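Remarks on the structure that follows.
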Amino acid sequence: MVGGCDVVAGALTRALGQAMEASMPLSRKSARIKPPWWDAGLEESKRRLNNFRRTRDYKVEDRDQFRVLRNEHLKKIRRAKMESWRKFATSINLDIWGPVYRWARNGSSKSRIPSSVLREDGTFTVTALETAECLLESLIPRDVTAPIFEHGIVERERPEVTEAEVKRAVWRMAPNKAPGLDGRGSQEGLGRNRHAANQCSERVP
C-alpha cells in the first residue's frame with residue numbers, strides 16, 4: 001500500500017473529522033455567569049486560594065494557613081454581597097421605576113408552570129384545577145377496561161353446621177391436652193361444649 005498504514009490512517013482520520021464537522025453542529029460551551037457582585041478583587045482572592053490548594057498540603061500541614069486564606073475570601077464575598085444589596089435597595093431613591101420596582105412587580109423569577117393547556121377537543125383550560133386534571137388525564141389515562149365495583153356491604157355466606165359436625169368436634173378434644181391462651185384446659189371446656197352440643201341437637205328439628 002502506497003505511503004504505509006500511518007498515512008492511510010491519518011487520511012481517514014482527517015476525512016472523518018471533516019465529515020463530522022460538516023454534518024454535526026458543534027455545541028457551545030456554556031460559560032458560567034458571574035454574579036453582579038463579583039469583581040476583580042474577588043477573582044484575585046479566588047485565584048490565590050486555588051493556587052494554594054494545588055501547591056500546598058492544605059489538608060494536614062498547611063491547614064491553618066489555608067483556613068486563614070479561605071476565611072478572608074469568604075469575608076470578602078459577604079462584604080461584596082452586602083454592598084451590592086445595599087446599592088440595589090437604595091437605587092429606588094434615584095430611579096423609582098428602576099430594578100427595585102420591576103422586582104417588586106414581577107418577583108425574583110417568573111413561573112414556568114403552564115396556566116392553560118389545550119385539551120383534545122380543541123378548547124383550553126381556564127382554572128388551575130382544570131389544567132391539573134387535563135395533565136393528569138394525559139400522563140395517566142384512565143383504564144376503560146377496569147371493572148366497576150358497587151359500594152356497599154358484602155354479606156358473607158356462612159355454611160350451616162350440622163349436629164354430626166358439632167359432635168365430632170367435641171369428641172375430638174383430648175381431655176389431657178395442655179391449656180390454651182385462656183389458661184383453661186380441654187377437660188374444663190369439654191363439659192361445656194358437650195352441653196352446648198346437646199342444646200343445639202335439641203333445638204334442631
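Summary of computed values
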{"quantity": "Residues satisfying the stated conditions in the stretch 2-53, i.e. β-branched (Val, Ile, Thr) and modelled with pLDDT of 80 or more", "calculated": "7, 8, 13"}
{"quantity": "Residue match in the stretch 99-106 (condition: touching a strand residue (DSSP E or B) at 6+ places or on another chain (Cβ under 8 Å) and at pLDDT below 90)", "calculated": "no"}
{"quantity": "Enumeration of residues in the stretch 131-185 that are modelled with pLDDT under 75, among the aliphatic types (A, V, I, L, M) and within 37 Å of the chain's Cα centre (by Cα)", "calculated": "144, 146, 148"}
{"quantity": "Among residues of the stretch 58-80, those that are surrounded by 11 or more Cβ atoms within 10 Å (Cβ to Cβ) and in a loop (DSSP other than H, G, I, E, B), counted", "calculated": "2"}
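The values are calculated or read from the model by the stated rules, or taken from the named source; none is laboratory data. The model shown is predicted, which means the values in this text are computed figures rather than measured ones. Cβ sites come from the backbone with ideal geometry, for glycine too, and all protein chains shown count toward neighbours.
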